[in-house]
Amino acid sequence: MVTTSVTADGTTRAAHEDRLFAALANATRREVLTLLREQGPQPVQTLADHFDMRRPSLSEHLKVLREAGLVSEERRGRQRIYRLEAAPLAEVQDWLHPYERFWRTRLKGLGALLDRMPDDERP
């Protein structure tokens, strides 16, 4: 029997992961995360100045990132300040860890095989 876990916001774990990976799948959204990581919290217009797109288009990207829990929004007067929320990235890292282990084991085996081959048989 397969059990379905539910997150704090009431969505299934699978739906949460889908939203997170979909947010990270877009190059513009990854660049926004990089900017927030490297330069700290920023207003929408400052973020928009880094891209060749209109502010409403960037706002759509920020909405996707917000819904995935990757950024938070704070209103200061008329400005909206966006901040990186890195905790969901730990979930991505946890998901990737078994694959990293898999490839590390495979490459270690390849290294051992190459070490056993005589020098004249190596590619």
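The values are calculated or read from the model by the stated rules, or taken from the named source; none is laboratory data. The structure presented is a predicted model; accordingly, all values stated were derived computationally and were not measured. For neighbour counting, all protein chains shown are included, and Cβ atoms are generated from backbone atoms with ideal geometry for every residue, glycine included. In case anyone asks, the SASA skips ligands and DNA or RNA and just uses the protein heavy atoms, side chains included. Shrake-Rupley method; radii C 1.70, N 1.55, O 1.52, S 1.80 Å.
Within the range 15-42, name every residue whose backbone N is under 20 Å away from a label modeled 7 Å from Cα of H50 along the Cβ vector.
20-42
In nanometres, what is the gap between the two model label sites at A112 and S57, each 7 Å from Cα along Cα-to-Cβ?
Each label point is offset 7 Å from its Cα along the Cβ direction, giving 5.2 nm.
Please report, as a whole percent, how much of the solvent-accessible surface of the range 9-123 comes from carbon and sulfur atoms (probe radius 1.4 Å).
Of all accessible area on the range 9-123, carbon and sulfur atoms account for 50 percent.
Whole number in Å², please: accessible area per residue of the chain, 1.4 Å probe, ligands, DNA and RNA not counted.
73
When the Kirkwood hydrodynamic radius is evaluated over all pairs of different C-alpha atoms of the chain, what value in angstrom, to one decimal, is obtained?
By the Kirkwood definition, the hydrodynamic radius is 17.4 Å.
Do the sum for the chain: with -39,500 (n - 2.57) for every DSSP H run of n ≥ 4, divided by all residues, what is the mean residue ellipticity at 222 nm, to the nearest 500 deg cm²/dmol?
One gets -19500 deg cm²/dmol as the mean residue ellipticity at 222 nm.
Could you check the simple spin-label distance between W103 and R66, using points 7 Å along Cα→Cβ, in nm with one decimal?
With each label point 7 Å from Cα toward Cβ, the separation is 3.4 nm.
Explain nothing, just the number: dipole magnitude of the chain about its Cα centre with +1 on each Lys and Arg Cβ and -1 on each Asp and Glu Cβ, in debye rounded to the nearest 20.
Here the size comes out at about 460 debye.
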